[in-house]
Structure formats: C-alpha cells, structure tokens
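The values are calculated or read from the model by the stated rules, or taken from the named source; none is laboratory data. Just so we're clear, the structure is a prediction, and the values are computed from it rather than from any experiment. Cβ atoms come from the backbone with ideal geometry, glycine included; neighbour counts cover every protein chain shown.
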Amino acid sequence: MGVVIIDGSTVRSFVSDDSQFNKAVDEQFVALDANGDGKLSRSELRKAFESMRLIETHFGMDVATPPRELSELYDRVFEGFDRDGSGEVDGMEFRNEMKRIMLAIAEGLGSCPIQMVLEDDDPSLLKRAADLEASKLGAGSK
Ligand SMILES: [Ca+2]
Ligand SMILES: [Ca+2]
C-alpha cells in the first residue's frame, strides 16, 4: 500500500497517452467482463463502478446515497457508456466513455493535488495514471 499524489495533469497525461490508456482500459474491460462475451452488461458495469468508486469521486458524494437514487445514477452512467443503445457496452464504447470520465476527473482536480491511499494491486485507472507519472519521473532523473 502506498500514498500517491495526483492532480489534473497526472490524469490528463495518462489519458492522452493512447497506448498506455487503451491498454489499461482494455485490461479493465476484460477483467470486468465476468461472463467473457466481449460485452459489458448493466450488472457487470455496475460492479465495475462499485469497485472503482468512480461514481463517488466523480460526484463528490461523501454521504450515503439512497439505494433508489443510486440505481438511477447507475442507469444514467450505463446509458452514458451505451451510446448506440444496444443494451450492452462494447470495448470501443467503454474506451470512449472512460476517457470522457477521466478527463472530467482531471477537470475537477485542476491543479489542486489530492492524496490517495492505494493498494499496490489497485486496478483503478487513477492508480495507473499515478504509476505512469512515477515511471516518467523516474526515467527523467537518470
Ligand atoms: Ca459480459
Ligand atoms: Ca452498445
């Protein structure tokens, strides 16, 4: 477990690094696709967001949300991903919307760094963003 500091530019540089970002998102997609059919269903995506805690971060909620509101929230999130309304989220829809969400997070963070405590094996994209920045800093100091 470690503490990382991230700010908007950490997240933005991760998102703009297509190969790193797509690789991380694709890995996440495969991990979330519990039944392995290459699509994310409503329930698979909901599990994803519960584990990533992106909803709470994104909406700045620190109070318990009533289950019904939370369900509506997840429905809206799902619809945001499922652009073609097929009822499932494919890999490309997932990439596009994750990019949009991460940029929204970057916007929210601005230049004000936040501290995050993360498990070393934390699968979240924010952890990936922090790792990428750390590796770049490491490379630059040699
Ligand atoms: Ca699936
Ligand atoms: Ca779709």
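At-a-glance table
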| quantity | calculated |
| --- | --- |
| Residues located in region 76-112, provided they are within 7 Å of ligand 2 (Cβ to nearest atom) and of a type in the set (S, T, N, Q) | Ser86 |
| Number of positions in region 93-139 that are within 23 Å of Arg46 (Cα to Cα) and surrounded by 11 or more Cβ atoms within 10 Å (Cβ to Cβ) | 25 |
| Search result, residues across region 1-41 that are surrounded by fewer than 17 Cβ atoms within 10 Å (Cβ to Cβ) and in a helix (DSSP H, G or I) | Ser9, Ser13, Ser16, Asp18, Ser19, Asn22, Lys23, Asp26, Glu27, Val30, Ala31 |
| Condition check for Met61: at pLDDT below 80 and in contact with a Leu (Cβ under 8 Å, 6 or more places away or on another chain) | no |
| Of the criteria (1) within 15 Å of Gly2 (Cα to Cα); (2) touching a Gly at 6+ places or on another chain (Cβ under 9 Å), which one Arg128 fails | (2) |
| Glu50 being modelled with pLDDT of 90 or more and away from ligand 2 (no atom under 14 Å from the Cβ) | no |
| Condition met for Phe81 (at pLDDT 85 or above and either surrounded by 11 or more Cβ atoms within 10 Å (Cβ to Cβ) or in contact with a strand residue (DSSP E or B) (Cβ under 7 Å, 6 or more places away or on another chain) (or both)) | yes |
| Gly87 vs. criteria in contact (Cβ under 8 Å) with a residue 60 or more places away in the chain and at positive phi | no |
